[in-house]
Amino acid sequence: MGLGMLASRVIRPTASKLSRSSSLHFIRPIVSTPETSSAQSQPQPDPTPDPPPPSPRPPVAGARVHFPNPEDAIEVFVDGYSVKVPKGMTVLQACEIAGVDIPRFCYHSRLSIAGNCRMCLVEVEKTPKPVASCAMPALPGMKIKTDTPLAKKAREGVMEFLLMNHPLDCPICDQGGECDLQDQSMAFGSDRGRFTEVKRAVVDKNLGPLVKTVMTRCIQCTRCVRFATEVAGVQDLGMLGRGSGEEIGTYVEKLMTSELSGNVIDICPVGALTSKPYAFKARNWELKGTESIDVTDAVGSNIRIDSRGPEVLRILPRLNEDINEEWISDKTRFCYDGLKRQRLNDPMIRGADGRFKTVSWRDALAVVAEVVLQVKPEEIVGIAGQLSDAESMMALKDFLNRMGSNNVWCEGNGPNPDADLRSGYIMNSGIAGLEKADVFLLVGTQPRVEAAMVNARIRKAVRANQAKVGYIGPATDLNYDHQHLGTGPKTLIELAEGRHPFCSALANAKNPAIIVGAGLFEREDKDAIFSVVETIAKNAKVVRPDWNGFNVLLLKAAQAAALDLGLVPESANSIESAKFVYLMGADDVNMEKVPSDAFVVYQGHHGDQSVYRANIILPAAAFSEKEGIYENTEGCSQQTLPAVPTVGDARDDWKIIRALSEVAGVRLPYDSLGAIRARIRTVAPNLLNMDERELATFSASLKPDCSHKMSLTDFRPAIDNFYMTDSITRASKIMAQCSATLLKK
């Protein structure tokens with residue numbers, strides 16, 4: 001070994017001398033320098049000009065900059081690129097606008113700044129060491145360098161510390177394939193670690209039936225703590241311990257009780273918080289994602305349905321700043337297992353013995369047509385369910401009209417809905433517009449259970465603007481500071497007459513907002529209540545040319561489209577004298593009012609409450625299996641897209657009614673989705689303006705004075721169980737577990 005090393009030392013100098021000598025013989029210079037050029041040579045040209053500044057790069061993820069005051073714009077330089085940003089922006093945000101994606105774990109654009117992961121370190125000129133870009137404000141003329149050896153070495157060191165106690169769980173971790181820690185350790189980490197001691201371990205926490213915890217994987221970014229405190233409004237999570245004993249958990253042994261708790265799964269950058277129902281089901285690269293719309297409430301949250309084959313495996317939120325931002329409620333996220341339970345597969349007819357027997361579509365439609373032709377037109381009733389799309393409601397209305405009946409309505413809109421003015425049943429300020437309000441008056445609505453995403457917007461306004469909230473209704477927890485003004489119409493009368501202390505808050509507000517719950521639609525004195533609320537709105541100047549704060553918060557996904565299409569019954573008590581009842585997914589109808597000799601057709605996708613009274617069952621497609629238009633509570637039309645194939649022999653709702661009309665001899669004039677949408681254009685053209693909010697043209701001031709007398713009966717909760725509100729959620733095993741453990745029902 002020693003001789004070999006000695007020989008190599010002897011050989012190396014010789015070889016280098018040979019190479020130098022050979023280069024002298026064989027290499028010929030081809031570029032002359034001024035020193036070697038002759039005096040007779042031409043004068044040298046001017047030195048080359050400075051290269052032009054680099055062209056601007058597109059911002060990260062299409063980020064847009066809004067300058068409230070153009071004079072407040074400051075110029076910073078990111079890797080030599082000049083970029084203008086508003087005063088008060090952080091260095092990290094300036095880098096995103098400049099098109100540089102800075103790695104981060106603890107920073108989230110919708111949460112407060114923590115600055116505790118240190119992964120976002122960058123080099124700033126004239127600073128002695130790297131700075132945390134998420135917490136450092138951008139200053140005029142600042143020169144930021146994101147790709148220098150110092151910044152790279154700093155991130156590599158931070159990543160080594162983060163991985164020091166992190167278990168090598170990637171093969172068995174549900175976050176694998178969509179994990180920020182995996183991605184950033186590949187991009188910014190070292191190829192080896194120097195830690196050889198024993199890794200620490202943390203006991204897992206029980207947060208309930210929805211969120212699975214493996215707390216040894218936690219990197220203490222505190223995103224979940226900040227989300228629970230700031231957005232969800234619950235003090236359930238916190239940081240315990242110090243140093244290497246630091247861990248996240250509940251202060252006392254309790255479950256996470258928020259209706260937005262599932263969002264901590266999305267914001268957790270590692271596999272510490274994952275979905276309990278989805279555990280070990282699939283990898284993300286095996287799934288097909290379909291962009292769709294949530295129908296469990298009237299908000300219309302944008303979702304992505306991830307499926308594999310015929311089964312929906314999970315539901316995730318999509319970004320929509322105007323509706324749900326990037327959050328969704330737990331009911332939206334976890335109701336998907338109800339799509340495969342208690343489904344109706346085949347047409348069925350109830351026999352003489354009371355049992356259902358499977359028949360063909362031809363036979364089922366023939367029986368329905370035979371019965372409907374024998375009934376008087378005024379004894380035919382149609383009720384659209386809360387999950388119905390606009391196309392099916394248009395087909396149902398056209399079919400009953402051709403049969404001579406006009407008794408068709410949508411459940412949830414009450415026995416005598418008022419569809420004359422759109423401003424009387426939509427959210428006129430818009431969901432995003434609620435953030436501008438500084439005083440809220442909630443009348444007969446509990447937004448936390450009726451529309452969790454609207455409640456999150458109200459909480460955001462309370463935190464950002466110190467908005468005041470007055471609430472009239474039964475006692476409830478709204479997870480933000482509010483004044484409980486009263487429980488019924490008596491308080492409304494005091495407000496309308498100016499005798500209540502809250503009147504001064506409404507009068508002094510710049511942008512007052514009144515939110516009326518759609519649960520009042522079921523009251524017989526709803527017209528009188530709305531008349532008093534409109535008086536309050538007029539006194540407080542809630543409706544102005546630059547601001548419309550009069551809002552109605554709907555409960556069901558189908559309500560707004562049904563009222564736009566004119567699904568208003570001719571008679572309020574028509575169901576009590578009906579001989580033929582067509583239920584299109586309507587499960588919340590009081591079937592005790594239906595006469596015992598009435599023929600009931602149930603067309604739907606789940607064997608829910610109304611099936612027990614049905615004479616014929618026609619299986620239909622669920623929202624995840626069809627293309628359909630839904631209008632949300634603010635009047636914005638959106639559409640679902642089919643993610644999985646239909647179950648059994650089920651068909652789309654409008655196709656069933658179209659086939660039935662032909663068998664009954666009153667053929668409807670459309671055979672395709674495009675043709676039925678052309679028919680909708682003649683009735684409610686706003687429904688075809690996808691992803692656009694159609695404002696109400698006329699205000700409630702045009703309504704005639706109400707002559708009805710108002711009852712002093714207290715308001716009742718519109719929803720008793722947040723987790724079970726429709727046929728899909730009632731069939732869901734996960735929702736049943738939530739109801740049992742979180743609500744103790």
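Could you please find all residues in the range 69-92 being open to solvent by less than 20 Å² (accessible area, probe 1.4 Å) and touching a residue at least 60 places away in the same chain (Cβ under 8 Å)? Hits for the range 69-92 are Ile74, Val76, Val78. In the range 304-319, of all residues being in contact with a Lys or Arg (Cβ under 6 Å, 6 or more places away or on another chain) and of a type outside the set (Ser, Thr, Tyr), the one that is nearest to Leu641 (Cα to Cα) corresponds to Arg304. Among residues of the range 651-679 that are of a type in the set (S, T, N, Q), those with a Cβ under 6 angstrom from a residue that is not in a loop (DSSP other than H, G, I, E, B), sequence gap 6+ or separate chain, pair up as Ser661/Phe399. Applying the criterion of being touching a strand residue (DSSP E or B) at 6+ places or on another chain (Cβ under 6 Å) and not in a strand (DSSP E or B) to the residues of the range 267-287, the residue that is surrounded by the fewest Cβ atoms within 10 Å (Cβ to Cβ) is Ala279.
Listed by first and then second residue, the pairs with beta-carbon distance under 9 Å, at least 6 apart or on different chains, first residue in the range 109-129 and outside the structural domain of Lys153 (by TED's automatic domain parsing), second surrounded by fewer than 15 Cβ atoms within 10 Å (Cβ to Cβ) and at pLDDT 95 or above, form an empty list. Just the residues that are open to solvent by less than 10 Å² (accessible area, probe 1.4 Å) and either in a loop (DSSP other than H, G, I, E, B) or at positive phi (or both), please, taken from the range 608-625. Listed by number, the residues that qualify are Ala614, Ala621, Ala622. Applying the criterion of being within 27 Å of Arg459 (Cα to Cα) and of a type in the set (A, V, I, L, M) to the residues of the range 93-147, the residue that is most open to solvent (accessible area, probe 1.4 Å) is Ile113. Within the bounds of the range 636-648, is there any residue that is without any contact (Cβ under 8 Å) to a residue 40 or more places away in the chain, surrounded by fewer than 24 Cβ atoms within 10 Å (Cβ to Cβ) and either under 26 Å from the mean Cα position of the chain (by Cα) or part of a strand (DSSP E or B) (or both)? Yes. Here Asp191 fits the description: without any contact (Cβ under 8 Å) to a residue 60 or more places away in the chain, out of contact with any Pro (no Cβ under 6 Å at 6 or more places or on another chain), more than 25 Å from Tyr480 (Cα to Cα) and loosely packed, with under 12 Cβ neighbours inside 10 Å. Please find, within the range 483-525, the residue that is surrounded by the most Cβ atoms within 10 Å (Cβ to Cβ) out of those that are charged (D, E, K, R) and within 31 Å of the chain's Cα centre (by Cα). Among residues in the range 483-525 that are charged (D, E, K, R) and within 31 Å of the chain's Cα centre (by Cα), the one surrounded by the most Cβ atoms within 10 Å (Cβ to Cβ) is Arg523.
Screening Val542 on (1) open to solvent by less than 40 Å² (accessible area, probe 1.4 Å); (2) in contact (Cβ under 8 Å) with a residue 60 or more places away in the chain; (3) over 24 Å from His605 (Cβ atoms); (4) in contact with a Gly (Cβ under 8 Å, 6 or more places away or on another chain) shows it passes everything except condition (2). Counting only residues that are within 17 Å of Tyr582 (Cα to Cα) and within 40 Å of the chain's Cα centre (by Cα), the range 350-366 holds 3 of them.
Out of all the residues in the range 694-705, which are open to solvent by 90 Å² or more (accessible area, probe 1.4 Å) and either modelled with pLDDT of 85 or more or among the hydrophobic types (A, V, I, L, M, F, W, C) (or both)? Please lay out each step first, then the result.
Restricting attention to the range 694-705, the residues satisfying the condition of being open to solvent by 90 Å² or more (accessible area, probe 1.4 Å) are 695, 697-698, 701-702, 704-705.
Across the range 694-705, the qualifying residues are Leu695, Phe698, Leu702.
Cβ-Cβ contacts under 6 Å between residues 6 or more apart (or on different chains), taken from a first residue in the range 583-607 that is over 14 Å from Leu387 (Cβ atoms) and open to solvent by 10 Å² or more (accessible area, probe 1.4 Å) to a second residue that is assigned to a helix (DSSP H, G or I) and at pLDDT 90 or above, are listed as Met591/Arg613; Phe599/Val371.
Of all residue pairs spaced 6 or more apart or on separate chains, those with beta-carbon atoms under 6 Å, a first member in the range 513-538 that is within 18 Å of Asn416 (Cα to Cα) and a second member that is of a type in the set (Ser, Thr, Tyr) and crowded, with 23+ Cβ neighbours inside 10 Å are Gly517/Thr445.
Inside the range 288-384, counting only strands (runs of 3 or more DSSP E) that do not spill past its ends, which hold 1 or more residues that are surrounded by fewer than 17 Cβ atoms within 10 Å (Cβ to Cβ) and touching a Ser or Thr at 6+ places or on another chain (Cβ under 6 Å)?
Details: elements: 288-293, 302-308, 311-317, 348-350, 356-358, 380-384.
In the range 288-384, the matching strands (runs of 3 or more DSSP E) lie at 288-293.
Filtering the range 155-183 to residues that are open to solvent by less than 50 Å² (accessible area, probe 1.4 Å) and part of a loop (DSSP other than H, G, I, E, B) leaves Asn165, His166, Pro167, Asp169, Cys173, Asp174, Gln175, Gly176, Gly177, Cys179.
Here's the yes/no breakdown for (1) part of a strand (DSSP E or B); (2) farther than 18 Å from Thr148 by Cβ:
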position	(1), (2)
Pro58	no, yes
Ser82	yes, yes
Ala94	no, no
Ile102	no, no
Tyr107	no, yes
Asn116	no, yes
Val122	yes, no
Thr127	no, no
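The residues of the range 482-507 that are touching a residue at least 24 places away in the same chain (Cβ under 8 Å) and part of a helix (DSSP H, G or I), listed by number, are Pro489, Lys490, Leu492, Ile493, Leu495, Ala496, Phe502, Cys503, Ala505, Leu506, Ala507. The set of residues in the range 561-576 that are in contact with a strand residue (DSSP E or B) (Cβ under 9 Å, 6 or more places away or on another chain), open to solvent by 10 Å² or more (accessible area, probe 1.4 Å) and over 25 Å from Ile680 (Cα atoms) contains only Ile575.
Can you give me the number of residues within the range 225-244 that are touching a Lys or Arg at 6+ places or on another chain (Cβ under 8 Å) and either polar (S, T, N, Q) or surrounded by fewer than 17 Cβ atoms within 10 Å (Cβ to Cβ) (or both)? Full working, then the answer.
Initial filter on the range 225-244 (touching a Lys or Arg at 6+ places or on another chain (Cβ under 8 Å)): 230-231, 233, 236, 244.
Pick out the ones that are also either polar (S, T, N, Q) or surrounded by fewer than 17 Cβ atoms within 10 Å (Cβ to Cβ) (or both) and you get 230, 244.
The qualifying residues number 2.
The values are calculated or read from the model by the stated rules, or taken from the named source; none is laboratory data. Being a predicted model, the structure only gives us computed values, none of them experimental. Here the Cβ is made from the backbone with ideal geometry for all residues, glycine too, and neighbour counts use every protein chain on show. Accessible surface areas use protein heavy atoms only, side chains included; no ligands, DNA or RNA. Shrake-Rupley method; radii C 1.70, N 1.55, O 1.52, S 1.80 Å.
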